[in-house]
């Protein structure tokens, strides 16, 4: 794992924790280089509990969300992270954002990218980010896309997070990551988000369910908790 370079691109302040916190912590503990980019704080669409406070303001919610997210990132072991503070609901992605993501991919040169999957029935922001990250990865690999004379990348692996309301979003997991040893860090990180407390139990239960799936599929009885991902591309191998 020491040779892996994992780039995580999260639409909102908490997405990377709910969907991949255990995996991020596992990669960091294994010696991988991990970089996180959070595009939006989710002020408008993912902070409902905070907006119930009398006299609440956009700036105050934004500051709370950033504080929660940074605290969670540090718990997972992240030291390389960026917040781009893009407006959400709908997430305001444009050509400049696309080129910036291409630049970051070429600069970091990931072996693996994890981001949102192809469909999230209840959050169009997530699918918009997925489309842009996929486009940026293709552009990063293209010699005709010249950005500050940065060398092109080679094809990296790309995986989508498991979305909320899995079956409704037509998500089909094809990778299970054992997070048994980093599950406690994920739970601690999830508890940073006062604006989305209802998701803590949901994703705790989801990790337990996916751990059960992983035990059944692998025969490894030591797996207690897992996170799942869907590959953007088929796996290439010399044997099954």
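Read-outs: derived from the displayed coordinates by stated rules, not from any lab. The shown structure was predicted, so the numbers you read here are calculated from the model rather than taken from an experiment. With ideal geometry, Cβ positions are generated from the backbone for all residues, glycine too; neighbour counts draw on all protein chains shown.
The structure-derived value of P(r) over Cα pairs in 10 Å bins from 0, in percent appears in the list (i) 7, 32, 35, 19, 7, 0; (ii) 7, 27, 30, 20, 12, 4, 1, 0; (iii) 8, 32, 38, 18, 4, 0, 0 under the label (iii).
Rounded if a/c is under 1.5, else prolate if a/b is larger than b/c, else oblate: which is the range 1-141, with a ≥ b ≥ c the root eigenvalues of its Cα gyration tensor? The shape class here is oblate. Whole angstrom only: what separates the Cα centroid of the range 89-157 from the Cα centroid of the range 168-240? Spelled out, the Cα-based centre of one part sits 24 Å from the other.
Set the Förster distance to 41 Å, then compute FRET efficiency between residue 181 and residue 236 from the Cβ-Cβ distance, nearest 0.05. My answer for the efficiency is 0.90. Here the chain carries DSSP beta bridges of which approximately 30% are antiparallel, counting only pairs with both residues inside.
Shape verdict for the range 26-101, please, from the Cα gyration tensor: rounded (a/c under 1.5), prolate (a/b greater than b/c) or oblate. Oblate shape, in that a/c is at least 1.5 and b/c is the bigger or equal ratio. Okay, helix-only estimate at 222 nm for the chain: each DSSP H run of n ≥ 4 adds -39500 (n - 2.57), divide by all residues, round to 500 deg cm²/dmol; what do you get? The helix-only estimate for the chain comes to -13000 deg cm²/dmol at 222 nm. Decide, for the range 72-154, between rounded, prolate and oblate: order the square roots of the alpha carbon gyration tensor eigenvalues as a ≥ b ≥ c, take rounded if a/c falls under 1.5, and otherwise choose prolate if a/b is larger than b/c, else oblate. Judged from the Cα gyration tensor, the range 72-154 comes out oblate (a/c at least 1.5, b/c at or above a/b).
Quick one: length gained pulling residue 98 to residue 155 fully straight, 0.36 nm per residue minus the C-alpha distance? Spell out each step's value before the answer.
On the way: separation 57, 0.36 × 57 = 20.52 nm, distance 1.77 nm.
Extra length from residue 98 to residue 155 when fully extended: 18.7 nm.
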